[in-house]
Amino acid sequence: MPRLLGLGEQFPEFSLQACVSAEPGSEFRIVDSHELEGTWTAIFFWPLDFTFVCPTELVEFNRALREFRALAARVYGVSGDSHHAHLAWRKENAALRNLEFPMVADAGKEVAEELGILDPIEQVPLRATYLLDQKRKIRWLCVNDLSVGRSTGEVLRVLAALQCGELCPANWSPGQATLVRPKDGGKAAPWETKERVALR
């Protein structure tokens, strides 16, 4: 299994078909990795279309789109299925019909393999989630087992923490105090809280 790409590394370049609508005549478009630049991006992989855990995740990311947009972040979903399979799934599953983010088709699984998230036995992407900054650098990633769905709330929490530019303690959420070192710079001194939280 290839090495898992990690923090600070560049998300791979790609140009792939995506299903963006179930409306006749506007179902597909090309998604290019360069459109991920200039803004924060949440990109998540699911193993397969027409499965059980996966649609619950797509629905939850769609429900959270307003919160992602409030943080000036785009959302993309990716699996190893074709864009035609994505469309068929949207038509078959009413909960997916009105998704507002692109369902990207990594049909050759090259992106999943380059990221190091292709399950070596099942040959499907693991449930990997990435937060990318404006330069397409990986700032956070989480990879779940195939059987475990992810938390969109945690993805939003980490995105807000990354954007605030402060030191965020355990279980921090937007609006709570952040941390700052004592002014004397003493390494052994305890952390102090900082009430100002500025999202940018």
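The criterion of at least 1 residues that are out of contact with any Ser or Thr (no Cβ under 9 Å at 6 or more places or on another chain) and modelled with pLDDT of 95 or more is met by the following strands (runs of 3 or more DSSP E) wholly inside segment 79-172: 127-132, 138-144.
Checking each residue in segment 139-150 for being out of contact with any Leu (no Cβ under 6 Å at 6 or more places or on another chain) and surrounded by 14 or more Cβ atoms within 10 Å (Cβ to Cβ) picks out Leu141, Cys142, Asn144, Leu146, Gly149, Arg150. Determine whether Pro120 is more than 18 Å from the chain's Cα centre (by Cα) and under 22 Å from Ala105 (Cα atoms). Answer is yes for this residue. Listed by first and then second residue, the pairs linking a residue in segment 94-114 that is free of Cβ contacts under 8 Å to residues at least 40 places away in the same chain to a residue that is not in a loop (DSSP other than H, G, I, E, B), with Cβ atoms under 7 Å apart and 6 or more places separating them unless they lie on different chains, are Glu100/Asn62; Glu100/Leu65; Lys109/Leu118.
How about segment 121-132: which of its residues are surrounded by fewer than 20 Cβ atoms within 10 Å (Cβ to Cβ) and either farther than 19 Å from Phe52 by Cα or among the basic types (Lys, Arg) (or both)? Listed by number, the list holds a single entry, Ile121. Among the residues of segment 81-100, just one is within 16 Å of the chain's Cα centre (by Cα) and buried (at least 20 other Cβ atoms within 10 Å of the Cβ), namely Leu99. Return a yes/no flag: does segment 57-66 have any residue that is touching a helix residue (DSSP H, G or I) at 6+ places or on another chain (Cβ under 6 Å), of a type outside the set (Asp, Glu) and over 20 Å from Ala128 (Cα atoms). Taking every residue of segment 57-66 in turn, none turns out to be touching a helix residue (DSSP H, G or I) at 6+ places or on another chain (Cβ under 6 Å), of a type outside the set (Asp, Glu) and over 20 Å from Ala128 (Cα atoms).
The values are calculated or read from the model by the stated rules, or taken from the named source; none is laboratory data. Computed from a predicted structure; not experimentally measured. Note: ideal-geometry Cβ built from the backbone for every residue, glycine included; neighbour counts use all protein chains shown.
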